[in-house]
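Enquirer: Questions regarding the structure given below will be posed in turn.
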Amino acid sequence: MTTTGTQHQPPTTTAITSGSGTAAGGCGCGCGASGAAGPVPGAPDPLSHQLLTTLAQHRIATLHQLHQLLRPHATRQAMSQPLNRLHRAGLADYTLLPRSGRTRAWYLTRDGARLARSQPGPRGHLSYPVTSATAASFKTPHTLTVLRAHVAFVCDARQRGDEHGPLDWTPETSHALGDGERITADALIHYTLASTQQRIKLRAFVEVDRATMGSERLAAKLIDYARLFTHQPQPPGRPRQTAAPGPAWLRWYPVFPRILFILTGAARPTLEHRISDLQAMTAQHPHVAALARQVPTGAAILEDLEHHGPGSTVWTPLTGGEPRSWTDL
């Protein structure tokens with residue numbers, strides 16, 4: 001369950017000041033894209049600000065992931081130095097990943113999270129920051145896997161000339177379903193197809209599955225999305241038979257976001273079976289079938305996204321058919 005963190009005043013002593021929240025750099029995929037941000041007035045260290053807002057958005061990340069998101073053409077030292085400055089300032093800390101050759105996973109301290117809340121940049125709000133090594137140890141496996149998917153989208157967008165930056169991925173987006181229940185997507189994608197004749201804005205709910213739950217439980221998430229698609233909140237005091245103004249999701253989205261399942265953590269045959277179970281739920285459940293007739297839905301294997309890019313024909317439509325790009329579902 002997502003809870004909203006308490007707002008605090010930012011620390012009064014820090015060398016990090018407000019700068020641009022827009023990431024810069026090339027993609028590291030051979031596309032030659034660049035576009036490093038120029039100096040920001042009043043911000044002696046724009047990269048430190050970008051690291052602060054990126055960690056606020058995604059809660060925990062490795063140096064390699066931050067490198068790919070922000071400055072893929074920069075040296076490793078150019079990324080590690082500002083991280084170490086944040087660490088010395090008491091704004092960031094890290095935990096060592098097990099069996100990884102002492103790879104560090106970085107997160108904001110409580111002071112860093114408070115400062116991040118006062119800065120422009122992250123979408124939404126930092127609802128519950130990872131602020132200790134113990135908390136990081138519980139959150140790390142799933143959070144870093146979700147971020148792997150985001151890195152794949154960012155790199156692919158740079159290569160294609162589309163727009164999807166480090167802050168265009170909102171983790172743990174939650175919506176009410178009524179009766180005190182909620183649905184929380186692992187992430188919400190904001191993506192703009194800028195390489196086409198018309199700029200097309202796309203959104204998608206993302207569910208990242210590491211094969212840690214039963215296949216039936218995974219497929220049942222589609223039922224919750226079908227409930228969200230039709231959920232109409234009842235204003236207090238209004239009789240139940242009175243027509244509501246429309247689905248609740250219209251408060252936030254002009255069209256209902258696509259639904260993307262990204263699978264990893266098992267052998268390919270196992271993951272393909274789980275995709276088949278998602279297709280079976282789509283075909284057999286009447287409410288899910290009604291949703292899928294109007295909302296694009298698909299599933300892909302994370303390693304395929306990393307090797308070929310999310311824009312490649314690696315997505316299986318849950319309604320059946322040949323693999324395609326997620327934008328063509």
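Enquirer: Of the conditions (1) more than 18 Å from residue 154 (Cα to Cα); (2) hydrophobic (A, V, I, L, M, F, W, C); (3) under 24 Å from the mean Cα position of the chain (by Cα), residue 89 fails just one. Which one is it?
Expert: (3)
Enquirer: Just the residues that are in a helix (DSSP H, G or I) and either open to solvent by less than 10 Å² (accessible area, probe 1.4 Å) or of a type in the set (S, T, N, Q) (or both), please, taken from segment 59-70.
Expert: Listed by number, the residues that qualify are 65, 66, 68, 69, 70.
Enquirer: Taking only segment 201-233 into account, find how many residues are in contact (Cβ under 8 Å) with a residue 12 or more places away in the chain and open to solvent by 30 Å² or more (accessible area, probe 1.4 Å).
Expert: Total meeting the criteria: 15.
Enquirer: Any idea how many residues of segment 244-289 are closer than 20 Å to residue 317 by Cα and either of a type in the set (S, T, N, Q) or part of a helix (DSSP H, G or I) (or both)?
Expert: 22
Enquirer: Against the conditions (1) in contact with a strand residue (DSSP E or B) (Cβ under 8 Å, 6 or more places away or on another chain); (2) at pLDDT 95 or above; (3) closer than 22 Å to residue 173 by Cβ, where does residue 231 fall short? Just the number, please.
Expert: (2)
Enquirer: Among all residue pairs at least 6 apart or on different chains, which show Cβ distances below 7 Å where the first residue, located in segment 273-296, is in contact (Cβ under 8 Å) with a residue 24 or more places away in the chain and the second is assigned to a helix (DSSP H, G or I) and among the aromatic types (Phe, Trp, Tyr)?
Expert: Listed by first residue and then by second, the contacts come to 291/225; 291/229; 295/229.
Enquirer: Hey, among the residues in segment 287-308 that are over 15 Å from residue 275 (Cα atoms) and charged (D, E, K, R), which one's least open to solvent (accessible area, probe 1.4 Å)?
Expert: 306
Enquirer: Further, regarding this structure: So residue 25 ticks every box in (1) modelled with pLDDT under 90; (2) surrounded by fewer than 15 Cβ atoms within 10 Å (Cβ to Cβ); (3) not charged (D, E, K, R) but one. Which box is left unticked?
Expert: Checking residue 25 against (1) modelled with pLDDT under 90; (2) surrounded by fewer than 15 Cβ atoms within 10 Å (Cβ to Cβ); (3) not charged (D, E, K, R), the one that fails is (2).
Enquirer: Can you report the number of residues in segment 187-200 which are of a type in the set (D, E, K, R) and modelled with pLDDT of 95 or more?
Expert: 0
The values are calculated or read from the model by the stated rules, or taken from the named source; none is laboratory data. Note that the coordinates shown come from a computational prediction; the quantities given were computed from them, not determined experimentally. Note that each Cβ is placed from the backbone with ideal geometry, even for glycine, and that neighbours are counted across all protein chains shown. When the accessible area is computed, the model is the full protein with side chains, heavy atoms only, and any ligands, DNA or RNA have been set aside. Shrake-Rupley method; radii C 1.70, N 1.55, O 1.52, S 1.80 Å.
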